[in-house]
Amino acid sequence: MGIVVTPREVAAKLAQIKKQNFKSIAEYQKFLKTSRLTQSDVKENIKLQLLVTAIQTRIVKGIKGKRARHRANTRFVAEYLKRWRARTVCAPAYVFGRCSNAHGGHRQTTLS
């Protein structure tokens, strides 16, 4: 789709999140520790969220009405799954709702 999220965009979003949710750097560091997250984990999650938002925006661009936007999103997901499901491999150590490489494509795995 040609959608790119730059490190600068991730850094700006992280700064916004920190400002809105944490009173100090120490409070943010405590959050990381108790959540068992690294700074890299947080940045990767932000990047993924920015990508999802950009994709959703692109899908519904120019479409009026809540139902029509919902149908466009549903159609996109169906087309995406049809195209990429066969190429998706689920590693046993990760959580995925459905895996193309296991039991007809419907195996739940758990995070170890």
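The values are calculated or read from the model by the stated rules, or taken from the named source; none is laboratory data. What you see is a predicted model; the values in this text were computed from it and never measured. Backbone-built Cβ (ideal geometry, glycine too); neighbour counts: all protein chains shown.
Listed here are the helices (runs of 4 or more DSSP H) enclosed by the range 6-81 that have at least 3 residues being touching a Leu at 6+ places or on another chain (Cβ under 9 Å): 7-21, 39-60.
In this structure, SER112 does not satisfy being in contact with a helix residue (DSSP H, G or I) (Cβ under 6 Å, 6 or more places away or on another chain), at pLDDT below 90 and among the polar types (S, T, N, Q). Out of the residues in the range 51-75 that are small (Gly, Ala, Ser) and over 21 Å from LYS13 (Cβ atoms), state the one that is surrounded by the fewest Cβ atoms within 10 Å (Cβ to Cβ). It comes out as GLY62.
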